[in-house]
Amino acid sequence: MFSCSQNLPEVKYALPTVIFEYENEDSLPKGRLSIFVESASEVRRYNTITIKSLEKNYVWDTNDIVKFKVSDKMYAGYTNFVAPDGEEIPSGVYEITYINADDEKTEINATLRYDTVFYKTKGTEIPDLMKTKRAAISILIYNIDKKVIFFGEKKDELSNSRKIWNKYKDAAFYQDVWTLPDNSVMCVMPLKEVVPE
(Lines give C-alpha, C1' and ligand atoms only; values in the text may rest on other atoms or scores of the structure.)
Protein backbone atom coordinates (compact mmCIF):
# COMPACT_ATOMS: atom_id res chain seq x y z
CA MET A 1 0.00 0.00 0.00
CA PHE A 2 1.08 3.56 -0.71
CA SER A 3 0.56 6.36 1.75
CA CYS A 4 -0.94 9.70 0.74
CA SER A 5 2.37 11.44 1.39
CA GLN A 6 3.86 9.75 -1.67
CA ASN A 7 1.40 11.66 -3.85
CA LEU A 8 2.33 15.06 -2.44
CA PRO A 9 4.08 17.33 -4.92
CA GLU A 10 7.59 18.12 -3.70
CA VAL A 11 9.62 21.05 -4.98
CA LYS A 12 13.28 21.76 -4.26
CA TYR A 13 13.61 25.39 -5.34
CA ALA A 14 11.97 27.99 -7.57
CA LEU A 15 13.57 30.24 -10.17
CA PRO A 16 11.73 33.46 -11.17
CA THR A 17 12.97 35.27 -14.29
CA VAL A 18 11.70 38.39 -16.04
CA ILE A 19 11.79 37.87 -19.80
CA PHE A 20 12.04 40.99 -21.96
CA GLU A 21 11.09 40.44 -25.59
CA TYR A 22 12.01 42.80 -28.41
CA GLU A 23 9.93 43.06 -31.57
CA ASN A 24 12.62 45.11 -33.31
CA GLU A 25 15.93 46.79 -32.51
CA ASP A 26 14.41 50.25 -31.97
CA SER A 27 11.47 49.19 -29.81
CA LEU A 28 11.09 49.00 -26.06
CA PRO A 29 10.43 45.49 -24.79
CA LYS A 30 7.43 43.71 -23.39
CA GLY A 31 8.10 42.06 -20.03
CA ARG A 32 6.70 38.81 -18.71
CA LEU A 33 7.41 36.59 -15.73
CA SER A 34 8.68 33.04 -15.99
CA ILE A 35 8.74 30.74 -12.95
CA PHE A 36 10.07 27.18 -12.88
CA VAL A 37 10.66 24.79 -10.01
CA GLU A 38 12.88 21.78 -9.75
CA SER A 39 10.65 18.98 -8.57
CA ALA A 40 11.45 15.96 -6.44
CA SER A 41 8.13 14.39 -7.45
CA GLU A 42 6.73 13.39 -10.83
CA VAL A 43 6.02 16.60 -12.78
CA ARG A 44 3.55 14.87 -15.10
CA ARG A 45 1.09 14.83 -12.20
CA TYR A 46 1.14 18.62 -11.77
CA ASN A 47 -2.15 20.23 -12.81
CA THR A 48 -2.10 23.86 -11.70
CA ILE A 49 0.35 26.59 -10.69
CA THR A 50 -0.76 29.64 -8.72
CA ILE A 51 1.65 32.56 -8.30
CA LYS A 52 1.07 35.39 -5.84
CA SER A 53 3.19 38.54 -5.61
CA LEU A 54 3.27 39.45 -1.92
CA GLU A 55 4.55 42.91 -2.92
CA LYS A 56 1.59 43.88 -5.14
CA ASN A 57 -0.95 41.20 -4.24
CA TYR A 58 -1.19 40.13 -7.90
CA VAL A 59 -2.34 36.53 -8.39
CA TRP A 60 -1.87 34.43 -11.54
CA ASP A 61 -2.78 30.81 -12.16
CA THR A 62 -2.48 28.43 -15.06
CA ASN A 63 -2.89 24.77 -15.91
CA ASP A 64 -0.81 25.18 -19.09
CA ILE A 65 2.32 23.87 -17.37
CA VAL A 66 5.61 23.29 -19.20
CA LYS A 67 7.16 20.05 -17.92
CA PHE A 68 10.54 18.61 -18.84
CA LYS A 69 13.42 16.49 -17.62
CA VAL A 70 17.15 17.20 -17.93
CA SER A 71 19.38 14.27 -16.91
CA ASP A 72 17.78 13.10 -13.66
CA LYS A 73 16.19 16.46 -12.77
CA MET A 74 12.54 17.33 -13.41
CA TYR A 75 11.19 20.85 -13.92
CA ALA A 76 7.74 22.40 -14.14
CA GLY A 77 6.68 25.97 -14.72
CA TYR A 78 5.23 28.60 -17.01
CA THR A 79 6.84 31.39 -19.03
CA ASN A 80 4.05 33.88 -19.71
CA PHE A 81 2.72 35.53 -16.56
CA VAL A 82 2.06 39.19 -17.45
CA ALA A 83 1.37 42.23 -15.28
CA PRO A 84 -1.74 44.39 -15.73
CA ASP A 85 -1.49 46.89 -18.62
CA GLY A 86 1.02 49.61 -17.91
CA GLU A 87 2.44 47.87 -14.85
CA GLU A 88 5.85 46.26 -14.37
CA ILE A 89 6.53 42.77 -13.05
CA PRO A 90 6.99 43.42 -9.33
CA SER A 91 10.19 42.64 -7.45
CA GLY A 92 9.88 40.97 -4.07
CA VAL A 93 8.63 37.68 -2.68
CA TYR A 94 6.41 35.34 -4.67
CA GLU A 95 4.32 32.57 -3.14
CA ILE A 96 4.17 29.66 -5.57
CA THR A 97 1.60 26.87 -5.18
CA TYR A 98 1.60 23.64 -7.20
CA ILE A 99 -1.47 21.40 -7.20
CA ASN A 100 -1.31 17.85 -8.54
CA ALA A 101 -3.86 15.46 -10.01
CA ASP A 102 -4.97 14.37 -6.51
CA ASP A 103 -5.61 18.01 -5.48
CA GLU A 104 -2.65 17.78 -3.13
CA LYS A 105 -0.66 21.01 -3.01
CA THR A 106 2.71 22.32 -1.99
CA GLU A 107 3.94 25.87 -1.55
CA ILE A 108 7.35 27.47 -1.94
CA ASN A 109 8.49 31.09 -1.80
CA ALA A 110 10.98 32.71 -4.16
CA THR A 111 12.43 36.21 -4.22
CA LEU A 112 12.86 38.18 -7.43
CA ARG A 113 15.15 41.22 -7.54
CA TYR A 114 15.90 42.86 -10.88
CA ASP A 115 16.72 46.22 -12.43
CA THR A 116 13.66 47.79 -14.08
CA VAL A 117 15.95 49.80 -16.40
CA PHE A 118 15.22 47.14 -19.04
CA TYR A 119 11.69 48.50 -19.53
CA LYS A 120 13.29 51.73 -20.81
CA THR A 121 16.12 50.10 -22.83
CA LYS A 122 15.85 49.76 -26.61
CA GLY A 123 17.03 46.64 -28.40
CA THR A 124 20.05 48.43 -29.88
CA GLU A 125 21.27 49.24 -26.35
CA ILE A 126 20.96 45.73 -24.90
CA PRO A 127 24.31 44.21 -26.01
CA ASP A 128 26.37 46.98 -24.39
CA LEU A 129 24.22 47.00 -21.24
CA MET A 130 24.37 43.22 -20.86
CA LYS A 131 28.14 43.13 -21.36
CA THR A 132 28.56 45.55 -18.43
CA LYS A 133 26.50 43.14 -16.33
CA ARG A 134 28.58 40.11 -17.42
CA ALA A 135 25.58 38.48 -19.06
CA ALA A 136 25.85 35.34 -21.16
CA ILE A 137 24.68 35.28 -24.77
CA SER A 138 22.88 32.27 -26.22
CA ILE A 139 21.18 31.65 -29.54
CA LEU A 140 17.80 30.17 -30.48
CA ILE A 141 17.65 28.67 -33.98
CA TYR A 142 14.37 27.71 -35.64
CA ASN A 143 13.35 25.86 -38.78
CA ILE A 144 10.84 27.22 -41.31
CA ASP A 145 7.96 26.07 -39.08
CA LYS A 146 9.47 28.08 -36.19
CA LYS A 147 10.28 24.93 -34.23
CA VAL A 148 13.45 25.18 -32.15
CA ILE A 149 16.30 23.12 -33.61
CA PHE A 150 19.04 24.50 -31.34
CA PHE A 151 19.36 26.50 -28.14
CA GLY A 152 22.72 27.04 -26.51
CA GLU A 153 25.80 29.20 -26.18
CA LYS A 154 26.41 31.55 -29.10
CA LYS A 155 29.92 30.52 -30.13
CA ASP A 156 31.92 31.87 -33.07
CA GLU A 157 30.63 29.05 -35.31
CA LEU A 158 27.12 30.56 -34.90
CA SER A 159 28.11 34.23 -34.97
CA ASN A 160 26.40 35.18 -38.23
CA SER A 161 23.73 34.06 -40.65
CA ARG A 162 26.10 32.23 -42.99
CA LYS A 163 27.78 30.28 -40.18
CA ILE A 164 24.40 29.28 -38.77
CA TRP A 165 23.31 27.99 -42.20
CA ASN A 166 26.61 26.11 -42.63
CA LYS A 167 25.95 24.21 -39.39
CA TYR A 168 22.16 23.84 -39.62
CA LYS A 169 20.92 23.50 -43.22
CA ASP A 170 17.27 23.57 -42.10
CA ALA A 171 17.74 26.82 -40.12
CA ALA A 172 15.35 29.61 -41.15
CA PHE A 173 15.32 32.07 -38.22
CA TYR A 174 17.34 32.86 -35.12
CA GLN A 175 17.28 35.05 -32.01
CA ASP A 176 20.01 36.16 -29.62
CA VAL A 177 19.19 35.63 -25.94
CA TRP A 178 21.01 37.49 -23.17
CA THR A 179 20.81 36.15 -19.59
CA LEU A 180 22.12 37.73 -16.41
CA PRO A 181 24.37 35.57 -14.20
CA ASP A 182 21.69 35.25 -11.49
CA ASN A 183 19.00 34.40 -14.10
CA SER A 184 16.79 37.26 -12.88
CA VAL A 185 16.55 38.78 -16.38
CA MET A 186 16.54 37.32 -19.87
CA CYS A 187 16.40 39.50 -23.00
CA VAL A 188 15.09 37.83 -26.15
CA MET A 189 16.18 39.88 -29.13
CA PRO A 190 14.28 40.35 -32.41
CA LEU A 191 13.77 37.39 -34.72
CA LYS A 192 16.14 37.42 -37.71
CA GLU A 193 16.13 35.39 -40.90
CA VAL A 194 18.94 32.99 -41.70
CA VAL A 195 20.05 34.18 -45.13
CA PRO A 196 23.12 32.42 -46.62
CA GLU A 197 25.24 35.15 -48.19
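The values are calculated or read from the model by the stated rules, or taken from the named source; none is laboratory data. Note that the structure is a prediction, hence the values are computed from the model and not measured. We place every Cβ from the backbone using ideal geometry, glycine too, and count neighbours over all the protein chains shown. The area values use the complete protein model at the heavy-atom level, side chains included, leaving out ligands, DNA and RNA. Shrake-Rupley method; radii C 1.70, N 1.55, O 1.52, S 1.80 Å.
Among the strands (runs of 3 or more DSSP E) confined to the stretch 113-197, the ones with at least 1 residues that are free of Cβ contacts under 8 Å to residues at least 24 places away in the same chain and open to solvent by less than 90 Å² (accessible area, probe 1.4 Å) are located at 148-153.
Restricting attention to the stretch 69-102, and to residues there that are in a strand (DSSP E or B) and under 19 Å from GLU21 (Cα atoms), which single residue is nearest to the chain's Cα centre (by Cα)? Can you show your working first?
Quick first cut of the stretch 69-102, residues in a strand (DSSP E or B) only: 69-70, 73-81, 92-100.
In the following step, the residues that additionally are under 19 Å from GLU21 (Cα atoms) were identified as 77-81.
On the way: GLY77: 9, TYR78: 8, THR79: 5, ASN80: 8, PHE81: 10 Å.
That would be THR79.
Working only within the stretch 45-72, note down all residues that are basic (Lys, Arg) and either in contact with a strand residue (DSSP E or B) (Cβ under 6 Å, 6 or more places away or on another chain) or buried (at least 18 other Cβ atoms within 10 Å of the Cβ) (or both).
Of the stretch 45-72, the ones basic (Lys, Arg) are 45, 52, 56, 67, 69.
Residues satisfying the conditions are ARG45, LYS52, LYS67.
For the stretch 41-84, which residues satisfy the criterion of being of a type in the set (Val, Ile, Thr) and within 16 Å of ALA110 (Cβ to Cβ)?
ILE49, THR50, ILE51, VAL59, THR79, listed by residue number.
Per-residue answers, yes or no, for (1) assigned to a strand (DSSP E or B); (2) in contact with a Leu (Cβ under 6 Å, 6 or more places away or on another chain); (3) modelled with pLDDT of 90 or more:
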{"residue": "SER5", "(1), (2), (3)": "no, no, no"}
{"residue": "LYS12", "(1), (2), (3)": "yes, no, no"}
{"residue": "ARG32", "(1), (2), (3)": "yes, no, yes"}
{"residue": "GLU38", "(1), (2), (3)": "yes, no, no"}
{"residue": "SER41", "(1), (2), (3)": "no, no, no"}
{"residue": "ASN47", "(1), (2), (3)": "yes, no, no"}
{"residue": "LYS67", "(1), (2), (3)": "yes, no, no"}
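For the stretch 68-75, the criterion of a residue being touching a residue at least 12 places away in the same chain (Cβ under 8 Å), among the hydrophobic types (A, V, I, L, M, F, W, C) and in contact with a Lys or Arg (Cβ under 6 Å, 6 or more places away or on another chain) is satisfied by no position. I'd like to know if the stretch 76-88 contains one or more residues that are modelled with pLDDT of 95 or more and among the charged types (D, E, K, R). Among the residues of the stretch 76-88, at least one is modelled with pLDDT of 95 or more and among the charged types (D, E, K, R), which makes the answer yes.
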